[in-house]
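The values are calculated or read from the model by the stated rules, or taken from the named source; none is laboratory data. Everything quoted here is computed from the prediction, not taken from an experiment. Counting neighbours? That spans all protein chains shown, and the Cβs are built from the backbone with ideal geometry, glycine included.
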Amino acid sequence: MAIIYPDMYRNTGKDHTSMMNDPKVINVNTPERIFSVIAGTFLIYSGIKSLVRQPIASASKLVAGSVLFARGASGHCPVYGQMGTDGVRPENINIKQYFTVNKPREEVYQFWRKLENLPLFMRHLESVTQKDEKHSHWKAKFGPYLPSVSWDAEIVKERENEFIGWSALQGSVVENAGKVEFKDAPGGRGSEVQVVFSYHAPVGGIATGIAKLFNPVAENIIREDVRNFKQYIEAGEVPTTTGQPSGRK
């Protein structure tokens, strides 16, 4: 997969909303299309069946059913088109954190470069296992009632003591990418660190609504985990869920 960095989204000069308004553009994903066809068929059947007894209600059902059926059959939703929504594409989460730590840039880089250190301060990561210099296996959990997910990643770009960029391998359950940059803080007072995480849930359309409910939770977890890095690298501990510090492992 391509690396997904928030600063890569630039204005290409194309009107995305106008493209989504094109009736030929498919902006409804397959599960939602199937649901629309089934629901539309049911409403049309119900409307025809009660046409004599309840003509007004039946007419409404016929109209709604026809719209739903056409939506599912064509794969195009005019409402999505007006909103510029692409239900086929997954919902993205982009997280960017910037902070200064009271440690030399080389030390901070070396700590982060050993990816197996990440679960020490990122609670949503259960483990990161390095397979070689470029490849690693990640395992994460975003809540007590959610199953663990795992994926393989590779370091795709690196400048020693300056920059690390990684990306999940193609076909991973959790498509994600990230980068971390290291700079000397002004006046020689530690290091400036900028961390970017970008990932998306493999869903769209109606399922995107579910993702939107989950995404803020996952985003808050990751933001807190990234902020924990500053305290961990400086003091060797992060706060536990009960408010007590947790030391280095």
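Just a few scattered comments:
- Any hit, region 108-124, residues being among the polar types (S, T, N, Q), in a helix (DSSP H, G or I) and at pLDDT 90 or above: yes
- Residue match in region 161-170 (condition: more than 19 Å from VAL195 (Cβ to Cβ), modelled with pLDDT under 95 and not in a strand (DSSP E or B)): yes
- Residue match in region 120-128 (condition: under 18 Å from ASP225 (Cα atoms) and among the aromatic types (Phe, Trp, Tyr)): yes
- Apart from one condition, GLY187 fits all of (1) in a loop (DSSP other than H, G, I, E, B); (2) loosely packed, with under 13 Cβ neighbours inside 10 Å; (3) at pLDDT below 90; the exception is (1).
- Residues that are touching a residue at least 60 places away in the same chain (Cβ under 8 Å) and either small (Gly, Ala, Ser) or over 22 Å from LYS230 (Cβ atoms) (or both), drawn from region 177-198: ALA177, ALA185, GLY190, SER191, SER198
- Of the residues making up region 190-210, those that are aliphatic (A, V, I, L, M) and modelled with pLDDT under 85 are ALA201, VAL203, ILE206, ALA207, ILE210.
- Residue within region 30-48 that is part of a loop (DSSP other than H, G, I, E, B) and at pLDDT below 90 present: no
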